[in-house]
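Notes to accompany the following structure.
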């Protein structure tokens, strides 16, 4: 019911949706504030965002077919940046944020064009201070579908932000792409804006908090499966953030473990010498192995022939959900848009479930090796 109500209010805001509308309290904005959890801390009827980056162009587009107010900003990013934040846009937050407050954002977006192999765009999103050193929280990278959809992130403020100094930062340089972002709603004092029948924000696994900066998207399970002889389907999994996992069934082991697997893009540049943590939340349903455990291969690599890489490891995966971790040191530079964490599944005839795949850059950590789940 709340989703329908929010949609109705969005329609009421359509008349004021504009490139640079001054914020004012209107009946529609008040109704939206009353309908959402927490307190509304931005003006969803305005698109007066600060846009930056030399490799992107932008323009306002308006059409009755655009959900959430009939207007959006189209961003054309000419090339992948050295960092995902090299091009972007900042949606202003109009109220102070206190330390410890839960903050959530909901926005409409779609991908028009993308140079990625799956044809989908990538947007990094975070709440941040709009002055140096641009401190922030709630970092996430979202995979944007080709049709208009709502996306949501949330986070808990680790510091206070004065009025006028906070923004919702959209980071767009994760690939060559054309992306459109529309109406955006930001609230303080709530972990989620959508009701339970909408998409929920997915948090970083608690065991990884503070261990490094995430450089892959863990807010999605839209992982392209390559190779033949395997099937996949989504299954419920209460132990996994977001409540579901992907189950992979392999009818036979491959000639090589990498014959079947997943290639998940890295969203930030890795420099040679950086310390990386790879973590996979997984469990084995069945496996034709001597110990009954599944086999999960991991490798960080460039995503073009001859596929040079490092950090090769094969982890035995038990029947209970566990966070399987690999710590390794980069032996080469890995560029955004050209590098992946490769998850190899063909090491055994098996049925294995994966909940999340994380890569964190933890350059301050130096202990090397692999580990069973802790």
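The values are calculated or read from the model by the stated rules, or taken from the named source; none is laboratory data. Only a predicted model underlies this, so the values are computations on that prediction, with no experimental measurement involved. Cβ sites come from the backbone with ideal geometry, for glycine too, and all protein chains shown count toward neighbours.
What to note about this one:
- Residue 125 vs. criteria at pLDDT below 90 and closer than 22 Å to residue 188 by Cα: no
- Neighbours by Cβ (under 6 Å, 6+ apart or cross-chain): first from the range 233-252, surrounded by 13 or more Cβ atoms within 10 Å (Cβ to Cβ); second modelled with pLDDT under 90 and part of a loop (DSSP other than H, G, I, E, B): 241/202; 241/203; 242/202; 244/237; 245/237; 246/221
- Residues satisfying the stated conditions in the range 285-294, i.e. in contact with a strand residue (DSSP E or B) (Cβ under 6 Å, 6 or more places away or on another chain) and surrounded by fewer than 23 Cβ atoms within 10 Å (Cβ to Cβ): 285, 286, 293
- Filter pass, residue 216 being outside the structural domain of residue 337 (by TED's automatic domain parsing) and either assigned to a loop (DSSP other than H, G, I, E, B) or at pLDDT 95 or above (or both): yes
- Checking each residue in the range 75-98 for being under 24 Å from residue 61 (Cβ atoms), under 20 Å from the mean Cα position of the chain (by Cα) and in a loop (DSSP other than H, G, I, E, B) picks out 79, 80, 81, 87.
- Residues in the range 253-279 that are loosely packed, with under 15 Cβ neighbours inside 10 Å and closer than 30 Å to residue 85 by Cα: 271, 272, 273.
- Residue ID - surrounded by the most Cβ atoms within 10 Å (Cβ to Cβ), chosen from residues in the range 87-118 that are modelled with pLDDT under 90 and within 21 Å of residue 224 (Cα to Cα): 116
- Flag if residue 312 is in contact with a strand residue (DSSP E or B) (Cβ under 8 Å, 6 or more places away or on another chain) and surrounded by fewer than 16 Cβ atoms within 10 Å (Cβ to Cβ): no
- Qualifying residue in the range 268-291 (condition: free of Cβ contacts under 8 Å to residues at least 24 places away in the same chain and under 27 Å from residue 239 (Cα atoms)): yes
- When the range 94-153 is filtered for residues that are out of contact with any strand residue (DSSP E or B) (no Cβ under 7 Å at 6 or more places or on another chain) and either free of Cβ contacts under 8 Å to residues at least 24 places away in the same chain or at positive phi (or both), the ones remaining, listed by number, are 119, 132, 133.
- Evaluation of residue 276 against (1) under 22 Å from the mean Cα position of the chain (by Cα); (2) under 22 Å from residue 351 (Cα atoms) (one fails), failing number: (2)
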